[in-house]
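**Q** Below is one structure. I have some questions about it.
The values are calculated or read from the model by the stated rules, or taken from the named source; none is laboratory data. The model shown is predicted, which means the values in this text are computed figures rather than measured ones. Glycine also receives a Cβ, built like all others from the backbone with ideal geometry; neighbour counts cover every protein chain displayed. We work out accessible area using only protein heavy atoms, side chains counted, and drop any ligands, DNA or RNA first. Shrake-Rupley method; radii C 1.70, N 1.55, O 1.52, S 1.80 Å.
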Amino acid sequence: MNKPHSLAPTSLQDALDAAGGPINLLRSSQLGTTIFPGIPPEFTNWRDEQRAWKHSVAMLEQSYHMTEVHVRGADALAFMAGLMTNRADNFDVMRAKQIVMCGPDGRMISDAVLFREEADFMRVVGPPTAANWVEYNATKTDLNVTVTRDENFIRPRARRDVYRFQLQGPNALALMQEVTEGTLPEIKFFHMGAFKIAGCDVRAVRHGMASTPGFELYGPWEDQQAVREAVERVGEKYDLRKAGSVTYGTAAQESGWMPRPLPAIYEGETMADYRRWIPAQSFEAAGSLGGSFVSDRIEDYYVEPYEVGYGTLVHLGHDFIGRDALVEKKQNQKRRKMTLIWNNDDVFRVLQNSLRNDGPRSKFISLPVPMYSSFQADQVLAGGKPAGVSNWMSYSSNAGAILSTALMDLEHCEIGKEVTLLWGEPDSRRRTVEAHEVTEIRATIAPVPYYAKTNKTEG
């Protein structure tokens, strides 16, 4: 008698059960770091493309990799207010917010950017972890809302609802003033403006990156060629550099944004229904957990809003998922987000050892993005003892070093202090990770953001 085949997992919970828990599932995944679709790795070279957002102006593509969820209905604002830690009573039409969403335990599920275009229409733009959480909660609410999804280009498609790109750098404002038909409207930080480029209607959000001014432009998909051509033509005067997909993966580093924390969904009865709702083909189920920080508790990989610098985005004056837990966490913060500057001599040593064939190798450091997993967690030591976890790293041509964003224990947040990062993945189960020995890299603690902040944050 033939043994029947087991049914393939249909949900995240099925995948967790089949793997024997979240650590086994994520540590066994063959998925590497994020690949940004739709554009080449480099348009010119990633070193100069990085320097553009600090010294001239960079054009960063966002049309293809981010997932959009459209929230419509008379209760759209009330619905989103119940999911986000941010204030909602000051959220007028033609504004945007970086929103933070947590589970009932107050630990982060995702952040995203929320655009309020009309009284009853909003766009949630960000990673699939944000889109999934919004979609799921829409199936549970009695509020008057409908939610539709505009998927990214990980699986190629004919078109999307809108194109989207950023202009960042000290020349961004002058470029925008020249390419805009008529007068560029004055747009406050994280507010939206409407104008025309090449005869096409364009909307833009005013923000900044790496201490430089910027605009995020978007409009109907069919208008993008005319708008792009106009921006690139005028941009030649301002030394515009288009950033490729490799460069885009480094764009968050100097500002200290942690783009993709591990969502706090993999354990606990309060999230069980959500795990059964998420498909087994989701990013949450397919993503990989890598690095030298090793724990058998998935909770040790989660993050909280206050420790990642989102305290100004938490408004306890309204009811939202996770509010009660965050009241306690506000008083008991144990870690703080800091920048680590990797020691170049140690980086060069590791690179040399990773290429040898006459002895034990180190884990290869890929530049400009050394990350080799979807969710990276590397152990940081001070005096030989655990002091923090490094979560996101990339080489910065502006800094001349690899920088990483780390959550450090409060007693180890002294600027200028030298710590040690353990580089490599002990006993890796993934074929995407070569055989190697874990090694030490010295690092120096620096502020977040790495460069002085010039834009205020609005909750």
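**Q** If packing is taken as the mean number of other Cβ atoms within 10 Å per residue, what is the order of 351-357, 59-65, 315-321, highest first?
**A** Sorting 351-357, 59-65, 315-321 by mean packing, highest first, produces 59-65, 315-321, 351-357.
**Q** Is the shape of the range 220-275 best called rounded, prolate or oblate, per the rule: a/c under 1.5 gives rounded, else a/b larger than b/c gives prolate, else oblate, with a ≥ b ≥ c the square roots of the Cα gyration tensor eigenvalues?
**A** Verdict is oblate for the range 220-275.
**Q** So, one more: Exactly which chymotrypsin sites (Phe, Trp or Tyr not before Pro) in the range 161-263 are in a DSSP loop and have at most 15 other Cβ atoms within 10 Å?
**A** Phe189
**Q** Cut-off under 21 Å on the C-alpha distance; same-chain residues fewer than 8 positions from Lys363 excluded. Which lysines are left, in chain and number order?
**A** Within the straight-line limit of under 21 Å, Lys363 reaches no lysines at all.
**Q** Cα centroid distance between the range 44-72 and the range 105-158, in Å?
**A** 21 Å
**Q** Net charge around Glu284, counting only other residues with Cβ within less than 12 Å of its Cβ (Lys, Arg = +1; Asp, Glu = -1)?
**A** +2
**Q** Could you pull out the trypsin sites (Lys or Arg not before Pro) across the range 226-327 that fall in loop regions by DSSP (anything but H, G, I, E, B) with no more than 16 other Cβ atoms inside 10 Å?
**A** For trypsin sites (Lys or Arg not before Pro) across the range 226-327 that sit outside H, G, I, E and B with at most 16 neighbouring Cβ atoms in 10 Å, the list reads Arg297.
**Q** Could I ask something else about it? When only Cα pairs under 8 Å and 6 or more residues apart are kept, what is the percent relative contact order across the chain?
**A** In percent, rounded to a whole number, it is 22.
**Q** Also, quick follow-up: Computing the accessible area with a 1.4 Å probe over protein heavy atoms, can you report the carbon and sulfur percentage for the range 268-387?
**A** Carbon-and-sulfur percentage of accessible area, whole number: 49.
**Q** Same structure again: Please list, in chain and number order, the residues 5+ apart from His207 or on another chain whose amide H is under 5 Å from its amide H, with Hs placed from the backbone.
**A** So His207 has HN proximity to Phe190, Gly214, Phe215, Glu216.
**Q** When Lys and Arg each count +1 and Asp and Glu each count -1, what net charge do the other residues less than 10 Å away from Glu216, Cβ to Cβ, add up to?
**A** +3
**Q** Within 10 Å, Cβ to Cβ, of Glu49, how many net charges do the neighbouring residues add up to if Lys/Arg are +1 and Asp/Glu are -1?
**A** Charge balance in the 10 Å sphere: +2.
**Q** Related question: Given the range 122-260, what percent of its DSSP beta bridges are antiparallel, to the nearest 5?
**A** Around 100 percent antiparallel, to the nearest 5.
**Q** Using the heavy atoms of the protein chains and a 1.4 angstrom probe, tell me the accessible area per residue for the chain in square angstrom.
**A** 42 Å²
**Q** I would also like to ask the following. I want to check the label-to-label distance for Asp239 and Ala198. Put each point 7 Å from Cα in the C-beta direction and report it in nm to one decimal.
**A** Roughly 2.5 nm, to one decimal.
**Q** Once a ≥ b ≥ c are taken as the square roots of the eigenvalues of the Cα gyration tensor of the range 1-117, is the result rounded (a/c under 1.5), prolate (a/b larger than b/c) or oblate (a/b not larger than b/c)?
**A** Taking the square roots of the gyration eigenvalues as a ≥ b ≥ c, the range 1-117 is oblate.
**Q** Calculate, in nm to one decimal, what Glu232 and Glu414 gain on full extension: separation in residues at 0.36 nm each, minus their alpha carbon distance.
**A** Full-extension gain reported as 61.2 nm.
**Q** 222 nm [θ] for the chain, helices only, -39500 (n - 2.57) per DSSP H run of 4+, per residue, to 500?
**A** Result for the chain: -5500 deg cm²/dmol, rounded to the nearest 500.
**Q** Specify the inter-centroid distance of the range 261-302 and the range 382-452, based on alpha-carbon positions, in whole Å.
**A** The distance from the Cα centre of the range 261-302 to that of the range 382-452 comes to 22 Å.
**Q** Indicate, rounded to the nearest 5 percent, the antiparallel portion of the DSSP beta bridges found entirely in the chain.
**A** Here the share of antiparallel DSSP bridges comes out near 90 percent.
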